[in-house]
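Reviewing the structure listed below.
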Amino acid sequence: MARIAAWCACLIVIGIAANYVLGFVASMRIIALPVAVALLLTALLFPLTRHLRASGLRAIYAAWVTMLVAFAVLIGTGWIIGVRANAEFPRLVTQVRQTAKTVEGWLYTGPLHLEPIQLGGWVDEIAKLVTERQQQITSTVLAGTVVVVEVLASIVLLLFVTFFLLKDGDRIWSWFLKGFGRMAPRVDRAGRTAWTTLSHYVQGTVAVAAVHGLLMGVVLAVMGVPLWAALAVLIFLASFVPIVGILFAGAVATLVTLGAKGPIYALIFIGILIVEQQLENHVLQPLIVGRVLHFHPLAIIIVLAVGGILAGIAGAVVAVPIAAILYRAVPELFKDDPIPLPQGPAPLPPGRAVPPGKDPEPKN
């Protein structure tokens with residue numbers, strides 16, 4: 001009983017400390033989340049910076065070139081999506097109207113045998129509900145303005161942190177280790193393990209997401225679905241949120257396919273999406289990311305739920321890599337440092353003997 005009571009007291013203390021730490025991080029989310037995302041971006045971009053520095057480029061120039069390449073990729077992708085959206089959006093509106101008329105006719109003549117009065121009543125109820133919630137919608141929009149300001153500030157901080165991590169990451173880490181004294185070797189070992197895990201996770205996840213977005217984009221393009229490029233990018237971004245992200249992106253792509261091409265194409269797209277998702281879960285993820293995480297799907301779901309509750313969508317994005325880092329790095333803190341081997345006398349030159357009971361003379 002005394003041992004159980006001692007364990008309970010320790011767990012209570014740990015729980016109180018964790019609660020205060022999580023509360024502090026949640027209150028500082030405008031700083032904590034950009035720093036966490038900056039670490040993810042640094043893990044993704046650092047191989048290019050390392051290659052540029054190895055080729056003889058100074059650290060500051062290598063960091064600038066890396067940032068410019070990242071900006072070029074983002075701007076180019078956004079420009080392509082914008083051009084495609086402007087060209088295909090009118091066609092999407094026309095196809096959605098035709099599909100809506102087809103669905104409306106099916107509701108009247110199909111097995112449901114709805115009356116126009118019933119359908120009109122449902123539309124009136126939705127309009128009435130929107131009117132009653134107008135004040136709440138307006139307040140939500142005003143609150144969204146504050147969120148936009150916070151997002152812009154977070155983006156600026158994210159860019160600064162990413163740049164300096166690319167430029168002076170090794171120096172920052174060396175300065176950080178000085179505060180741990182005799183514990184510095186263990187912290188250094190844990191930090192390097194954490195960085196290796198994070199790098200493999202981010203690069204593997206980007207590779208899997210790129211394959212996923214590319215394949216589904218090709219499927220949508222072959223089907224003739226408008227806005228297929230934007231939907232492919234949405235699927236790529238949603239793949240960074242395990243399990244939940246693909247459900248959201250798949251639902252959006254299915255709705256667009258349904259509105260543009262009808263239910264048959266939507267069902268075909270759902271079938272292809274399910275098959276591709278199974279191949280990703282059982283082939284790509286285990287080969288690329290699974291070797292780093294070694295997480296059960298149930299653990300991933302729980303981690304996502306905790307991250308989503310604490311910090312919303314951004315928390316769900318960074319929850320899995322944080323859990324993987326803790327899982328792999330914390331044990332390194334408790335491993336004993338290797339014991340140095342005793343150093344014996346220096347070996348004698350060939351042909352020189354040592355008299356019994358005498359030590360060899362030091363070599364000048």
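The values are calculated or read from the model by the stated rules, or taken from the named source; none is laboratory data. If you're wondering where the values come from, they're calculated on a predicted model, not measured in any experiment. Cβ atoms come from the backbone with ideal geometry, glycine included; neighbour counts cover every protein chain shown.
Six or more apart or on different chains, Cβ atoms under 6 Å: show the pairs whose first residue is in the stretch 1-26 and in the same structural domain as Leu310 (by the TED database) and whose second is surrounded by fewer than 10 Cβ atoms within 10 Å (Cβ to Cβ) and assigned to a helix (DSSP H, G or I). Pairs found: none. For the stretch 79-90, the criterion of being surrounded by fewer than 13 Cβ atoms within 10 Å (Cβ to Cβ) and modelled with pLDDT of 85 or more is satisfied by no residue at all. In the set Gly213, Gly217, Gly204, Gly250, only one residue is surrounded by fewer than 20 Cβ atoms within 10 Å (Cβ to Cβ) and of a type in the set (Gly, Ala, Ser); that residue is Gly204. Reported count of residues in the stretch 1-23, each being surrounded by 11 or more Cβ atoms within 10 Å (Cβ to Cβ) and closer than 26 Å to Val202 by Cβ, is 1.
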